[in-house]
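One structure is given here, and the rest of the page talks about it.
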4 protein chains.
Amino acid sequence: MRPEDKPDGQKRSFVEEARRAQIIESAIGTLAELGYTGTSLARVAERVGISKGVISYHFAGKAELMEQIVERVYRDIAQFVLSRLEKEATATGALRETIRSVAEYMRDHRTQLLALGEVVTNLRTTPDGALRYGIAFNEPIYDAREALFRRGQQAGEFRPFDARVMSVTVQAALDDMFAYWVTHPGHDLEAHAEELADLFEHATRSEDPGATANR
Amino acid sequence: MRPEDKPDGQKRSFVEEARRAQIIESAIGTLAELGYTGTSLARVAERVGISKGVISYHFAGKAELMEQIVERVYRDIAQFVLSRLEKEATATGALRETIRSVAEYMRDHRTQLLALGEVVTNLRTTPDGALRYGIAFNEPIYDAREALFRRGQQAGEFRPFDARVMSVTVQAALDDMFAYWVTHPGHDLEAHAEELADLFEHATRSEDPGATANR
Amino acid sequence: MRPEDKPDGQKRSFVEEARRAQIIESAIGTLAELGYTGTSLARVAERVGISKGVISYHFAGKAELMEQIVERVYRDIAQFVLSRLEKEATATGALRETIRSVAEYMRDHRTQLLALGEVVTNLRTTPDGALRYGIAFNEPIYDAREALFRRGQQAGEFRPFDARVMSVTVQAALDDMFAYWVTHPGHDLEAHAEELADLFEHATRSEDPGATANR
Amino acid sequence: MRPEDKPDGQKRSFVEEARRAQIIESAIGTLAELGYTGTSLARVAERVGISKGVISYHFAGKAELMEQIVERVYRDIAQFVLSRLEKEATATGALRETIRSVAEYMRDHRTQLLALGEVVTNLRTTPDGALRYGIAFNEPIYDAREALFRRGQQAGEFRPFDARVMSVTVQAALDDMFAYWVTHPGHDLEAHAEELADLFEHATRSEDPGATANR
DNA sequence: CATGAATGAGGTTTCATTCAT
DNA sequence: TATGAATGAAACCTCATTCAT
């Protein structure tokens, strides 16, 4: 949220920050619409109505612009979801709320998430061709969710299972819920989310009927 | 498997088919290594050791080459998985076998699947910027798996749930299992697959303990 | 040394003159380090820690900045060498002292001389591509040295030779002494200068053994 | 003289070699006329009447084109001068013949030598800003000439002097003879060369009028 | 006086494609 | 069938310069 300072520690001026935000917005729109390959600096500039050179003036290069997009969108979604989880006491409740809040975020930030996906799966900065982000980018999410699952297991809410695999799978389910919804605009996102919540509740809950009840 | 005929209906000669296969192989390797953006026709040609023009000679353009890759890889994986499912009687068994066979295929076809993913998520042929494949590409898979789930539900093996959402989620789980394994080479793919099978068994099985037993 | 007035005849303020000097110093450093091509106004400004626009404010353009560099460095070296020659009576002595004093100047003004060379051999201001300075820039030096040689010849110290060729060659020897020393930092500059002095003493001295002795 | 093979060992086709030569010729002309800074690939292509991309097709980049120029011109001049020296028996004779042959070469290859100078003093390939050639490029010449001087000293033709300094100075004298002639088209190059020969004969010859031994 | 911001031309390079041989 | 050669557009980036504040 808070505007980043320059690499050399200097603050950015208000005007500069506004331009950067404007360019980032434009790049997000272009990415969502035309994909990574179709997003040239020229098109981004054209969409803003500025000269090509302005982007080079405000960003070190195309890579930095892309990284800024990832950083902003990621920060935004993390903040949103985390704020929703604070009030949940049980692990089961937190899992369901995670799915619900993510779905809600997706509905309101379709463009940003599309752009994020384009960059994460395509940006390569090193000459060896390795992805700058890729799926490794999800590692903090996996870690947090893994901790949640372990907590639920220790509390007896959850059956024993591999917490890492479950974490990866939950994220996969969320990502493809989004992708499916994008492709099928009439699809009911909330219903999908509820189905997912049920699905993972069944998949995780303790099998011993006498254990600590949830819901 | 069977070589496609030319658009004008003529058969392709054996030599021509061999060249096409060779170029496709090279393109798959390049896609897996350098990603969609890094895969230029020049690099593909260089890898085979032929002149750039040859590709244009054998394929109508870059798009057709990419489409051929999708077709070949997709046909191959479908054939493999379907042959594995024939012997499964129960829906539950078919689901577990699906996951196992897909995992097995992934282990042996890492490169092809990476390339497939690059093309599916990046190839755009129309000027409006729409993806040529995208997730809609999975529709036949969803349909088939949906039918499986309905069958299981009617047989009492499965609890009631939205078969479409479950289908999408299974595919998501498989795709990210692959992606995770690619990023973490030491990860145990088979164990992951078994965990997924357990996960979806719990997620789908009938809750009424008295109903038709599974397994 | 004395600050130039503005083209319109106005005097420059002290502050303005200081800024100009600061920018010139920075440009000299950049030229010496990165060469003419690598010396952009952006880099010069960055080195001083000022905005790019400041340079354009104080100088009519890149060309004027470069010309100012030439003027300052040239004025400085001329003043230094001329002051050393005042006390020399004989032409032979003056020649040796020229070489010695130039060498001494080179040792203490490596950066400035490197910058001077970059500008002299690269700056072009007219659209026809002609060098602004080039070797013609040495003409005053040639003239002065030619006069010295003629004086020596008339005094019988020097043998008959083409004074212009000798002048050009002395300057060439000095320039390449500098260039060689820059490339071979361990090279003994003073010894090189003495060798040059001997070389040109042999090359110039009167062959008639009975003539006015020197040294 | 002989066309270089490709880096991967393959021979170049006749047509390709012709194009490369044509582009190199054009670049030489542009360098001589407009200098290093004024020599863009676009201008070189325009002069040949080809598309910009052709240069990139035949050369790895601007740097390789420049290096090819250096290599060709250098090889040519070395071959010319060395062939002239074969018949000289004495060191004194070889020195005079060197000067004469270089002057003759200069008269007939003004453009090439101008281009060579531009590249040698300006081409930088490493990001640290170091010159690709610079004066270090003369090292083989210095070495050869140094050997000649030592031979002359041992034979008693030459007085004792620092052979390295003498070598550097001879080269400087030749280079500036060229530069002076370029700037003063009416200047008599042959006369200048004879003067230089006399100059260095006086500068090098044994002082003891009697004998083989010196000093 | 100084600055940050913007401009637009021009630089090198890569790319998919075409074509004569 | 295959190739080398060429094309021209478009990519990213740098540059000197201008201008409002």
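The values are calculated or read from the model by the stated rules, or taken from the named source; none is laboratory data. What you are looking at is a predicted structure, and each value in this text was computed from that prediction instead of being measured. Because the Cβ atoms are built from the backbone with ideal geometry, glycine has one as well, and the counts that use them run over all protein chains shown.
At-a-glance table
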{"quantity": "D:Y36 being in contact (Cβ under 8 Å) with a residue 24 or more places away in the chain and not assigned by TED's automatic domain parsing to the domain that holds D:G156", "calculated": "yes"}
{"quantity": "Residues of region A:96-133 satisfying the condition of being within 13 Å of another protein chain (Cβ to nearest Cβ), more than 12 Å from the chain's Cα centre (by Cα) and either assigned to a helix (DSSP H, G or I) or among the small types (G, A, S) (or both)", "calculated": "A:I99, A:T121, A:N122, A:G129, A:A130"}
{"quantity": "Residue within region B:72-81 that is polar (S, T, N, Q) and touching a helix residue (DSSP H, G or I) at 6+ places or on another chain (Cβ under 8 Å) present", "calculated": "no"}
{"quantity": "Evaluation of B:W181 against (1) within 14 Å of A:D162 (Cα to Cα); (2) in a helix (DSSP H, G or I); (3) of a type outside the set (D, E, K, R) (one fails), failing number", "calculated": "(1)"}
{"quantity": "Complete set of residues in region A:43-74 that are under 15 Å from A:N122 (Cβ atoms) and within 16 Å of DNA strand E (Cβ to nearest atom)", "calculated": "A:K62, A:A63, A:L65"}
{"quantity": "Among the candidates A:S40, A:S83, A:S26, residue that is exposed (fewer than 12 other Cβ atoms within 10 Å of the Cβ) and more than 10 Å from DNA strand E (Cβ to nearest atom)", "calculated": "A:S83"}
{"quantity": "Yes/no for B:A32 being more than 30 Å from B:F149 (Cβ to Cβ) and either within 11 Å of DNA strand E (Cβ to nearest atom) or in contact with a Phe, Trp or Tyr (Cβ under 6 Å, 6 or more places away or on another chain) (or both)", "calculated": "no"}
{"quantity": "When residues of region A:138-166 are limited to those that are touching a residue at least 24 places away in the same chain (Cβ under 8 Å) and at the interface with chain B (Cβ under 10 Å from one of its Cβ atoms), the one surrounded by the most Cβ atoms within 10 Å (Cβ to Cβ)", "calculated": "A:M166"}
{"quantity": "Near pairs, Cβ below 7 angstrom, 6+ apart or cross-chain, from region D:56-79 (farther than 17 Å from D:G117 by Cβ and at pLDDT 95 or above) to any residue that is within 10 Å of DNA strand E (Cβ to nearest atom) and in a helix (DSSP H, G or I)", "calculated": "D:F59/D:L65; D:K62/D:L41"}
{"quantity": "Condition met for B:L174 (under 30 Å from B:H187 (Cα atoms), more than 13 Å from the chain's Cα centre (by Cα) and not aromatic (F, W, Y))", "calculated": "no"}
{"quantity": "Failed item in (1) surrounded by 15 or more Cβ atoms within 10 Å (Cβ to Cβ); (2) assigned to a loop (DSSP other than H, G, I, E, B); (3) away from DNA strand F (no atom under 16 Å from the Cβ), with B:R12 passing the rest", "calculated": "(3)"}
{"quantity": "C:A63 vs. criteria within 13 Å of DNA strand F (Cβ to nearest atom), closer than 21 Å to C:F137 by Cβ and surrounded by fewer than 19 Cβ atoms within 10 Å (Cβ to Cβ)", "calculated": "yes"}
{"quantity": "Verdict on B:R47 being surrounded by 15 or more Cβ atoms within 10 Å (Cβ to Cβ), basic (K, R), modelled with pLDDT under 95 and within 15 Å of DNA strand F (Cβ to nearest atom)", "calculated": "yes"}
{"quantity": "So C:E88, is it of a type in the set (D, E) and assigned to a helix (DSSP H, G or I)", "calculated": "no"}
{"quantity": "Selection within region C:19-72 - of a type in the set (F, W, Y) and within 14 Å of another protein chain (Cβ to nearest Cβ)", "calculated": "C:Y36"}
{"quantity": "Index of the failed condition, D:M106 passing every other in (1) over 27 Å from D:G134 (Cα atoms); (2) assigned by TED's automatic domain parsing to the domain that holds D:A155; (3) surrounded by 13 or more Cβ atoms within 10 Å (Cβ to Cβ)", "calculated": "(1)"}
{"quantity": "Top-ranked residue of region A:167-211 - restricted to ones that are over 22 Å from B:E195 (Cα atoms) and β-branched (V, I, T), ranked as farthest from the other protein chains (Cβ to nearest Cβ)", "calculated": "A:V182"}
